[in-house]
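As structure tokens, the structure follows; a few thoughts come after it.
Only the coordinates and a few stated rules stand behind these numbers; no lab work does. Bear in mind that the values here come from a model prediction, so they are computed numbers and not experimental data. So basically every Cβ, Gly included, is an ideal-geometry build from the backbone, and we count neighbours across all protein chains shown.
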Amino acid sequence: MSEKATVLDRREFFRVLALRSGKVGAGGGLLYGLLGLRPSSALPAGARGELGIVRPPGALEEPDFLARCIRCTECADACEAQCILLFGPEAGDLHGTPYIVPSEKGCTLCLACGPACPSGALTPLEARDEPRMGVAVVDERLCVSHNGTGVCGACHTACPLRNRAITQDFRNAPHVVPEECTGCGLCEELCIVRDRRAIRVVTDRRPAREGAT
Amino acid sequence: MSKFRVARRTVQILVVVFMFLMPVVARYQNYVAAREIDRVLDRWSGTAAGGVLSAVDSTVRLLPGAEKERAGRVQRDRAQVLEYVQAARGGPWSATVGPVSMTDPLGAAESIVASRALPWVLLASLVVPLVATVALGRVFCSWICPMGFLLELTDKLRAVVRFLEIRPRDLKPSRATKYGVLLAGLILAAVLSVPVLGYIYPPAIVGREAHDVVFAFFDRAEMGRFGPWAGGLSWMAALLVGIVLFEVLVSRRWWCRYVCPGGALYSLIGWARPVRVELDVDRCTQCAQCVAACPEGLNPMKNRMGLECDSCGECIASCDDDALRIGLGGPLVESFRSRSTSRPEGSA
């Protein structure tokens, strides 16, 4: 009799333990994911900081984009250059949405992602000069052609709209024409200044994590 | 095993294969587009990643027009190969096969209420799922959903648990819970302007995790690491494990029966489905084998499957008396029949 009581007690104990830990785990996990309570250091380099998220070509304004995107992976599957990455659950409400880290891999403007999007969060584009993913900004202190430590021209060579979006002057020093720049980030990818690129894509979207650098 | 179940299992397995194959094909496409594929295949020969890629490569090259002869050598027709591999993509949440785009109505509903917009592309990708669901009911759950497939398999683990002298419980909350989850999720999506249900909807999670696992597998291969475990799973996978454990130990098929917001939406869309499981009352011997067999916990003997039945056919397979079959029925068909036989001399 007493034996049976202990068995039941243990069962009861495990049941309560399982229920409690399940609740705490599920609730905590959901909060953790939805609110994004996590250290920012695990985010890829280009996705944090003040530059703002680079979205694939044809993406709507950020609030509209977040509302429409159903987080389905189709744009990443369609991407020819494999530049479209997807946020993990650590990114809170950005989880599953596509982004580009130009310093890792810039967009080659194949424009396959637009027609692949089933939700209309990415608009299909026709011409390679149409996208406005952001604008490349040259840091003249870092750029070797600007600061006089060398002669480069890599970004000018990489630019799909050479001489339209990036022009050159003395010592191949690049100048971005913001109205023409698609924000594809091929210049950032190819920039020879490797630690912190001398040319970087800046967007008007929020950074992946507020306050992170 | 009935033919119906064989067909259903085949489709379920094909969906799982498709789900893991599409990211592989996406990576193959990346290497072809970058003109790297031959070098990659060469470098990875003898590894798992290389094997998978070369299997895809050989299959694609069998397709008509995928190869051409140039300078005496047979090689890939790059443009044609790219066209082939771009023809299909996605997973159970949203997929494209050739010209047909299909999106889960739950994702579409969320997107619509969150953005308060109704884009044409979204409507176009709803056509196939909606037509199928209106005609056949909640068949996504029994034929397509990878989580439904997984839960059907883990359902058998309850016997193992019983063998281990642990008595699995069977909580039975209200079936209306899932409609509440659906409504609450849609309201939350509208308030936050973020489609939140996709974060707890198992087919969506499974699809994303499969995508991440495959991509991580190739990322590691690119870094020269060919270990057996590729990683890439996020903690969302733990949510799936939790659902499975809860199903095995606490409540049979609880997710599909009581919680799943997607199943709830499919149920609502398919409420008047003309193609459904029908009972032949004269043949039924009330043996209740179908009641034990039904994964949704319904009672086919009473012929009241209503919203919840996903036409999986398990009751038909379990019936010894041929009393159950897939036939025409439901409110629409009934009203049509009663109208055509409502003349005074017409007696059924």
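Taking only the C-alpha atoms of region B:149-193, the Rg (one decimal) and the largest Cα-Cα distance, Dmax (whole number), read 16.8, 48 Å. Between the C-alpha center of region B:1-55 and that of region B:87-112 there is a gap of 20 Å.
Only aspartates and glutamates eight or more places from B:K3 in sequence, or on another chain, were considered; those with a Cα closer than 16 Å are B:E314, B:D320, B:D322. Of the chymotrypsin sites (Phe, Trp or Tyr not before Pro) found in region B:168-250, those in coil by DSSP whose Cβ has at most 11 other Cβ atoms within 10 Å are B:W229.
R0 = 22 Å: FRET efficiency of A:T123 with B:W235, Cβ-based, nearest 0.05? Please report the intermediate quantities before stating the final value.
Numbers: r = 33 Å, r/R0 = 1.49.
My answer for the efficiency is 0.10.
Considering only B:F336, B:C284, B:A323, the residue lying farthest towards the positive end of the dipole of region B:272-340 is B:F336, judged by Cα position with unit charges set on Cβ. The separation of region B:134-185 from region A:54-118, counted between C-alpha centres, amounts to 33 Å. Basic side chains Lys and Arg get +1 at the Cβ, acidic Asp and Glu get -1 at the Cβ, and with that the dipole of chain B about its Cα centre reaches some 140 debye. Positive-end ranking of B:V139, B:A159, B:G107 along the dipole of region B:96-170, with charges on Cβ about the Cα centre, is headed by B:A159. Note the angle between two axes, namely the Cα long axis of helix B:330-340 and the longest principal axis of the Cα atoms of chain B, as a number of degrees from 0 to 90, rounded to the nearest 10. In chain B, helix B:330-340 runs at an angle near 60 degrees to the longest axis.
Net length available on complete extension from A:D139 to A:A26 is 36.1 nm, with 0.36 nm assigned per residue and the Cα-Cα distance removed. Taking a ≥ b ≥ c as the square roots of the eigenvalues of the alpha-carbon gyration tensor, the protein assembly as shown is classed prolate because a/c is 1.5 or more and a/b outweighs b/c.
Modelled this way, with points 7 Å down the Cα-to-C-beta line, the labels at A:N163 and B:A292 are 8.2 nm from one another.
Taking trypsin sites (Lys or Arg not before Pro) across region A:107-213, the ones in a DSSP loop with at most 12 further Cβ atoms lying within 10 angstrom of their Cβ are A:R141, A:R194, A:R196. For the protein assembly as shown, a crude dipole built from +1 on the beta carbon of Lys and Arg and -1 on the beta carbon of Asp and Glu, taken about the Cα centre, is about 1120 debye to the nearest 20.
Summarising the amide proton neighbourhood of A:V54: residues at separation of 5 or more, or on other chains, whose placed amide H is nearer than 5 Å comprise A:I100. Taking trypsin sites (Lys or Arg not before Pro) across region B:1-109, the ones in a DSSP loop with at most 13 further Cβ atoms lying within 10 angstrom of their Cβ are B:R35.
Within 10 Å of each Cβ in B:117-127, how many Cβ atoms from other chains are there, averaged over the peptide?
4
Quick one: go through region B:135-159 and flag any residue whose amide nitrogen is under 14 Å from the point 7 Å out along the Cα-to-Cβ line of B:A272. B:135-137, by backbone N distance to the label point. Quantify how much of the Cα-Cα distance distribution of region B:272-340 extends past 17 Å, in percent. The calculated P(r) of region B:272-340 puts 37 percent of pairs beyond 17 Å.
From the Cα gyration tensor of region A:85-129, with a ≥ b ≥ c the square roots of its eigenvalues, which class applies: rounded if a/c is under 1.5, or else prolate if a/b is larger than b/c, or else oblate?
Here region A:85-129 falls in the oblate category.
Shape of region B:73-154 from the C-alpha gyration tensor: oblate (a/c of 1.5 or more and a/b not above b/c, with a ≥ b ≥ c the square roots of its eigenvalues). Starting from the Cα of B:L164, move 7 Å in the Cα-to-Cβ direction to define the label point; list residues of region B:224-248 whose amide nitrogen is under 20 Å from there. In region B:224-248, the label zone of B:L164 (backbone N under 20 Å from the point 7 Å along Cα→Cβ) covers B:238-248. A Förster radius of 41 Å, combined with the Cβ-Cβ distance separating B:R78 from A:R15, puts the computed FRET efficiency at roughly 0.10. Calculated on the Cα set of region B:209-337, radius of gyration then Dmax: 20.9, 67 Å.
Considering only B:N299, B:Y28, B:V244, the residue lying farthest towards the positive end of the dipole of chain B is B:V244, judged by Cα position with unit charges set on Cβ. Per-residue ellipticity at 222 nm from helix content only, as computed over the protein assembly as shown with -39500 (n - 2.57) for each DSSP H run of at least four residues, stands at -13500 deg cm²/dmol.
Per residue and in Å³, how big is the convex hull formed by the alpha-carbon atoms of chain B?
Expressed per residue, the convex hull around the Cα atoms of chain B is 201 Å³.
By the Cα gyration tensor, region A:40-202 has an equivalent ellipsoid whose semi-axes, rounded to whole angstrom, run 29, 17, 12 from largest to smallest.
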